[in-house]
1. From the backbone phi of region 84-93, what are the Karplus-calculated ³J(HN,Hα) couplings (6.51 cos²θ - 1.76 cosθ + 1.60, θ = phi - 60°) in whole Hz, Gly and Pro given as x?
2. Can you figure out the FRET efficiency of Lys13 with Arg145, using R₀ = 25 Å and their beta-carbon distance, to the nearest 0.05?
3. If the viscosity is 1.567 mPa s and the temperature 4 °C, what Stokes-Einstein diffusion coefficient in µm²/s follows for the chain when Rh is the Kirkwood radius over Cα pairs?
4. Pull out a ≥ b ≥ c, the square roots of the eigenvalues of the alpha-carbon gyration tensor of region 12-130, then state rounded if a/c is under 1.5, prolate if not and a/b is larger than b/c, and oblate in the remaining case.
5. Can you pull the Kirkwood radius for region 77-122, inverse mean 1/r over Cα pairs, to one decimal in Å?
6. In whole Å and largest first, what semi-axes does the C-alpha gyration tensor of region 138-224 yield when each eigenvalue is scaled by 5 and square-rooted?
7. Filter the cross-link list Lys13/Lys189; Lys34/Lys151; Lys10/Lys61; Lys53/Lys76; Lys8/Lys84 down to pairs whose alpha-carbon distance in this structure exceeds 23 Å.
8. Considering only Gln9, Tyr47, Gln25, whose Cα is most displaced toward the positive end of the charge dipole of region 1-58, charges sitting on Cβ of Lys, Arg (+1) and Asp, Glu (-1)?
Amino acid sequence: MSFSRSLKQKAIKVWEDGYNHPFVQELGAGTLCKEKFKFYLLQDYLYLLEYAKVFAMAMVKADDEKMLSNLSSITKATLVDEMKVHHLYMKEFGISEEEVKSVKASLFNRTYTANMLATSQKGDLVETLATVFPCAWTYCDYANRLKEQYKDNLEDNFYKSWIETYAGEDFENSFLWFYDAIDELVVNKTAKEKEKIEEIFIASVEFEYMFWEMAYNKQMSYVK
């Protein structure tokens, strides 16, 4: 197994805990409280804006055309394709532009994005990729599993478009290049340097879990 593909196994406990989180499972079953999803939607909107900035930081560190093209493409996929899903649901919820502009990021949201931005500022290109990789990878994995697990009720699921977006080929294709890119970038890394990359990856998987938990409890800070 390549280094990049082994990263999931390094974080397998929290990875699976994320998939089995009530937010994810209820979303798959179509039973998730819409107010919880609305909270998630607005927080994730803010998250994606910061997430895109990490790719901008990665572009500064890139020095070849292929990498720059890949980073540019995934930034577009984030700000255009993923945002389409958010705007569709925002319309369903009747969320106004004023509400979007006035929403504040939760403590957990700020901590997660601050960690990614700090990693991208201090680390090299592969460390920057490692800090953002769990977001796309977990979403793709979870959505595909939810689509299969709840296929009998998918048509009537209010969250069908969310599941199908992240389970779709277009979304998966947007980040498939990560595997080879990470493997190429770690070729000359020492065992200690690889361990640091693993720790960065695991931390972001843990933050993903915390994001589900935050959304499920509609929690803005340590005080509910």
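1. Each residue of region 84-93 in turn: 4, 4, 4, 5, 4, 5, 4, 5, 4, 7 Hz.
2. So, using R0 = 25 Å, E works out to roughly 0.90.
3. Here the translational diffusion coefficient equals 72 µm²/s.
4. Values: a/c = 1.95, a/b = 1.53, b/c = 1.27.
Since a/c reaches 1.5 and a/b is larger than b/c, the shape of region 12-130 is classed as prolate.
5. Value: 12.6 Å, from the Cα pair sum.
6. Numbers: eigenvalues 183, 95, 16 Å².
They are 30, 22, 9 Å, listed from largest to smallest.
7. Correct reply: Lys13/Lys189; Lys10/Lys61; Lys8/Lys84.
8. Farthest towards the positive end: Gln9.
Read the figures in this text as sums done on the coordinates, not as results from a lab. Note that the coordinates shown come from a computational prediction; the quantities given were computed from them, not determined experimentally. For neighbour counting, all protein chains shown are included, and Cβ atoms are generated from backbone atoms with ideal geometry for every residue, glycine included.
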